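Structure first, then comments.
Where a number appears in this text, it was derived from the coordinates with a stated rule and is not lab data. It should be emphasised that the depicted structure is a prediction, and the values quoted were computed from it without experimental measurement. All Cβ positions, even for glycine, are placed from backbone atoms using ideal geometry, and neighbour counts span all protein chains on display.
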């Protein structure tokens, strides 16, 4: 009891109470002001630690010393008659009461003012993709969502930029699993980052409530990730954190960032979703580095070269960690894309893709990533777009904002020719990637499929002003102007500005445009640029050049290429090589047309019969089959039959538009000029306004 009485006399209890009230109030004020001034999260933690460490010294100070009219003295040096401890106690009581009143005022202000502002920003109406079809998204209604700016690479080694990009992508991937969040795609955010917009402008431009900034520093076996979440409407920093840990903790950091953002936005996560967000993809850092480098490769489209580079990185990653599911899924996709592009002459990639997906499905049957791999196999390898669509739809609930899922659904509708659903799906894709050049060309395709040609051209022109280096949009725009307006110059301008992609149909249209303008060598050059690792694909390229030479009256040169093409095709079929892209009917029709071009009519007839008995699995193969059979009839000396078949490809999505026929009339006259049906069709076109 004497100790308690002495503690009271020396005001130790009062000092403890005053210190705790003051420290709590200081921390609350700092937690509000620090984010507003961009003070990093470690500063607030440091303040709390300093105040906690200062508590014991403050209590000891109250025990040892006493305030007197002559200043601070040790307690034993103050005579009982000279002590003013009672007066000091009264002052401390008043300070404690004042501190408690301030704390109460702050609590009320935070509860009834600041909290309402935070909630108002979070419950803003979700942006709907209802903008005019011809408009590139420039400003969208604010929605509960996050725009994650590319993380800055602060590492001493600039080669670690891939790692910073990987952390950035992983945070995006985790956030995109939260159904309530609208998360803007990486491609769009990289475009936004180039424009140096402030946070408020980013929020308005993308229609999101918050923006996340971050940086990554990797050195040795340590990694430091600094992030801050900013409310776009007010530019207030609502949360910030600095993670300084061992390198193998980077997965935990990414998960904690996603969970913290969901918490800040008052989103309640299910236990299953929390578990998914906390998933650690691999324990092997070397495998993870290879995977991140493959992610970087995938971001730049270089046709088959891109997927070869990915495969060279992902195969050793999977070998290093056979349980690395995400790397296995990406590897199966890369194998499948090689087959899709026709760069798999021996079907080695398709065999690997099937085996890998079968193993993934067996080991992880219920994982969303496993279901995604199955859907991608159906799309890339089987070209069973209906089944692939069902697969993508099935995984959509678990991966609502995953760009592979969203774009996969859109692409399936496109391949199936379901125009209205394609337009709805591609606009959903555009809402997540409003600043992505890729979505511009895809929306243009959808507008074309729905007959909205003027809007398609307007969108393409606006998109090219915004993304002048976007080759894909430039080509789709050139095709639209050619097909709807007969504008050959648009196609020639495209070819002058960009390197023509060999894996697309662009070389065919560019070569005809040059042919019509009298540039035969230029027409041949663009055809010759299409070189492949697949002998069958190269044979088709030779045949196309031979046909062009034949039309130009250079029969001797044409025969050399036609003979070479026929020899290659004959060898491929004799060796039992699979049909490119698995399109058996179209492949035999192609082989038959090459045989007829080279003068082997009996062989052409035999392969035509095989083509007629092979199944046709999808609309795109149906169009290709018609084009090949039309060539066959033409080379067999039947222009009327050729045009009747060719007319099946007229004025259908991805087919030949009426403006293209008029623009390329000199070329088509040489091909089908002897056909009465062609001449009648042409007369009808010319008579139309």
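One table, with the values for the structure above:
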quantity	calculated
Among 594-600, 418-424, the order from most to least packed when residues are scored by Cβ within 10 Å on average	594-600, 418-424
Sum of -39500 (n - 2.57) over DSSP H runs of 4+, divided by residues of the chain (222 nm, nearest 500)	-20500 deg cm²/dmol
Sorted by Cβ neighbour density within 10 Å, fewest at the top, the residues 467, 61	61, 467
Length added when fully stretched, residue 16-residue 323, from 0.36 nm per residue minus Cα-Cα	105.0 nm
Gyration tensor verdict on the range 143-277 (Cα atoms; rounded if a/c is under 1.5, prolate if a/b is larger than b/c, oblate otherwise)	oblate
Over the range 143-277, relative contact order from alpha-carbon pairs under 8 Å, at least 6 apart, %	27 percent
Per residue, the convex hull volume that the Cα atoms of the chain enclose (Å³)	185 Å³
The range 248-331: C-alpha pair distances exceeding 17 Å, %	55 percent
Cα gyration tensor shape for the range 267-416, rounded if a/c is under 1.5, else prolate or oblate	oblate
Label-to-label distance, nm, for residues given as residue 8 and residue 648 (7 Å Cα→Cβ offset)	10.4 nm
Beta bridges by DSSP in the chain, antiparallel share as percent, to the nearest 5	75 percent
Ranked by how many other beta carbons lie within 10 Å on average, peptides 355-361, 169-175, 48-54 from highest	169-175, 355-361, 48-54
Footprinting exposure proxy for 180, 297, 456 (fewest neighbouring C-beta atoms within 10 Å first)	180, 297, 456
Order of 268, 439 - criterion: other Cβ atoms within 10 Å of each residue's Cβ, fewest first	268, 439
Normalised contact order of the chain, rounded percent, pairs of Cα under 8 Å and 6 or more residues apart	9 percent
Cα gyration tensor category, rounded, prolate or oblate, for the range 628-685 with a/c compared to 1.5	oblate
Separation in nanometres of the label points that stand 7 Å from Cα toward Cβ, at residue 267 and residue 496	4.8 nm
